[in-house]
Amino acid sequence: MSTAPALSARRSARGPRAYRRNALWVAAMVHRVSGLGLAVFLPFHFLVLALSLRGEAALDGFLRWTDAPAVKLAEGGLVFLLVVHLLGGLRVLLVENLDWRANQTRAALAAGGVAALVAVAFLVRLL
């Protein structure tokens, strides 16, 4: 006896994308988006390193630009992305390498909370 009709009936009753309301799906998506954000940042980081090699004047001009409040907020966002990606990666390592299935939702929510606290602490200290 096949359970496929029963499964599809349950899925359609909850909606075609009901899985997106699951905190673990959101955690996985945040992990992917944070990885993309960090990958977008990396070429800019290399650009600044290249400026430092071109001379003191080029680097000083860039560093003056980084004193803008919008840049400081972006740095806080970058710290958030870094911490949430790190903690999300640790959660994935635990799930894949240990027999750890319980409390995943709490761990994912805690990772987001810790990342937010670290980013806010960074911004408070920076500003």
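The numbered conditions (1) farther than 21 Å from R32 by Cβ; (2) part of a helix (DSSP H, G or I) are all true for V84 except (1).
Taken across region 27-46, residues that are in a helix (DSSP H, G or I), among the hydroxyl-bearing types (S, T, Y) and either loosely packed, with under 15 Cβ neighbours inside 10 Å or in contact with a strand residue (DSSP E or B) (Cβ under 9 Å, 6 or more places away or on another chain) (or both) do not occur at all.
Checking each residue in region 101-117 for being surrounded by 14 or more Cβ atoms within 10 Å (Cβ to Cβ) and of a type outside the set (G, A, S) picks out Q104, L109, V114.
Would you confirm whether or not region 88-101 contains a residue that is among the acidic types (D, E) and under 25 Å from A121 (Cβ atoms)?
At the first step, the residues of region 88-101 found to be among the acidic types (D, E) are 96, 99.
This time we only want the ones that are under 25 Å from A121 (Cβ atoms), so: none.
Among the residues of region 88-101, not one is among the acidic types (D, E) and under 25 Å from A121 (Cβ atoms), which makes the answer no.
Among the conditions (1) at pLDDT 90 or above; (2) over 16 Å from the mean Cα position of the chain (by Cα); (3) within 18 Å of F41 (Cα to Cα); (4) not aromatic (F, W, Y), the only one that L63 does not satisfy is (1).
Only one of the numbered conditions (1) farther than 30 Å from R21 by Cα; (2) touching a helix residue (DSSP H, G or I) at 6+ places or on another chain (Cβ under 6 Å); (3) in contact (Cβ under 8 Å) with a residue 24 or more places away in the chain is violated by P69, and that is (2). Taking region 93-127 as the range and being more than 27 Å from T66 (Cα to Cα) and either in contact (Cβ under 8 Å) with a residue 40 or more places away in the chain or touching a helix residue (DSSP H, G or I) at 6+ places or on another chain (Cβ under 7 Å) (or both) as the test, the residues that pass are V95, W100, Q104, T105, A107, A108, L109, A111.
Listed residues R32, R11, R54; which is closer than 23 Å to Q104 by Cβ, at pLDDT below 90 and either basic (K, R) or in contact with a Phe, Trp or Tyr (Cβ under 9 Å, 6 or more places away or on another chain) (or both)?
Numbers: R32 fails: at pLDDT below 90; R54 fails: closer than 23 Å to Q104 by Cβ.
Criteria check complete, one pass: R11.
The values are calculated or read from the model by the stated rules, or taken from the named source; none is laboratory data. Quantities reported herein were computed from a predicted structural model and do not represent experimental measurements. Neighbour counts run over all protein chains shown; Cβ positions are idealised from the backbone, glycine included.
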